[in-house]
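What follows is calculated from the coordinates using simple rules that are stated; it is not laboratory data. Because the structure is predicted, anything quoted here is derived from the model rather than measured. Cβ: placed from backbone, ideal geometry, glycine included. Neighbour counts: every protein chain shown.
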Amino acid sequence: MVTPITSTPEPDEDGALIDALAQTSFATTAVLTRIAAEHELSLTQLRVFGILRDRQLKMSELAMYLGLDRSTVSGLVDRAEKRGQLQRMPSPVDGRGIHVTLTAKGREQAERGAQEVAQALAPLTDALSRAEQRRLTELLEKMLGAERSPVR
């Protein structure tokens, strides 16, 4: 019997890829944490704004997206609701379900925050040509697609 030859990728033996990913993550997290603090938000609250910028989600989906339990997310939403940034709405398809969406104030803050993040990360992204930026975006989306939750 002939065993088929399969091609397996070479491991990142010297760790350069993993190190570069970690260093990029650290730099990005530092920017996000600083911008969140400047707006009196936690990093998790900033993530909620980013997630809800272009969609509304059920509370359970938001919890799954954040990797948190529903009671924690409920507390986050309560606080943002009191600040006029988020609102709960009944689900249009499930009478028991609750959707969360940004208010006009929350959407404005989310857009402003996104612009600040882009500006703060510009020293990293501007080091790449437009073609390199597009290629890196494709590669990162491919990597994230392998692990992405069904909510997106």
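So what is Rg over Rh here for segment 30-88, counting just Cα atoms and using Kirkwood for Rh?
On the way: Rg = 11.0 Å, Rh = 11.7 Å.
Rounded to two decimals, Rg over Rh is 0.94.
Only Cα pairs under 8 Å and at least 6 apart count here; give the relative contact order of segment 1-142 as a rounded whole percent. Don't jump to the answer; show the numbers that get you there.
Details: 100 pairs, mean separation 28.6, N = 142.
It comes to 20 percent, rounded to a whole number.
So how strong a dipole does the chain carry about its Cα centre when Lys and Arg Cβ are +1 and Asp and Glu Cβ are -1, to the nearest 20 debye? Mind dumping the intermediate values first?
Details: 20 positive and 21 negative charges, 194 e Å.
Charge dipole of the chain: 940 debye, to the nearest 20.
How would the chain be classified by its alpha-carbon gyration tensor: rounded, prolate or oblate, with rounded meaning a/c under 1.5 and the a/b versus b/c comparison settling the rest?
Numbers: a/c = 2.46, a/b = 1.47, b/c = 1.67.
Here the chain falls in the oblate category.
May I ask you to compute the full-extension gain from GLU132 to ALA20, defined as 0.36 nm times their residue separation minus their alpha-carbon distance, rounded to one decimal in nm?
Numbers: separation 112, 0.36 × 112 = 40.32 nm, distance 1.60 nm.
Value of the extension gain: 38.7 nm.
Rounding to the nearest 10 and keeping the result within 0 to 90°, find how far the Cα-based axis of helix 70-82 lies from the longest principal axis of the chain.
The angle comes out at about 50 degrees.
Pick out which of ALA16, ALA122, ALA30 has the largest mean-square fluctuation in a Gaussian network model of the chain, springs linking Cα atoms closer than 10 Å.
ALA16
Pop the C-beta distance of ALA122 and ARG53 into the FRET formula with R0 = 22 Å and round what comes out to the nearest 0.05. Spell out each step's value before the answer.
Working: r = 19 Å, r/R0 = 0.88.
E(calc), rounded to 0.05, equals 0.70.
Which lysines have a Cα lying under 16 Å from the Cα of LYS105, excluding residues fewer than 8 positions away in the same chain?
In chain and number order, the partners are LYS82.
Determine which aspartates and glutamates satisfy two conditions relative to LYS142: a Cα distance under 20 Å, and not lying fewer than 8 residues away in the same chain.
Correct list for LYS142: GLU10, ASP12, ASP19, GLU132.
So, R0 is 30 Å and r is the distance between the beta-carbons of SER42 and LEU139; what FRET efficiency does that work out to, to 0.05? If you can, show how the numbers build up before the last one.
Working: r = 30 Å, r/R0 = 0.99.
After rounding, the FRET efficiency stands at 0.50.
As a check on your grasp of the helix formula, calculate [θ] at 222 nm for the chain: sum -39500 (n - 2.57) over DSSP H runs of n ≥ 4, divide by the residue count, round to the nearest 500. Numbers along the way, then the final one.
Details: 6 runs with 94 residues, N = 152.
Rounded to the nearest 500, it is -20500 deg cm²/dmol.
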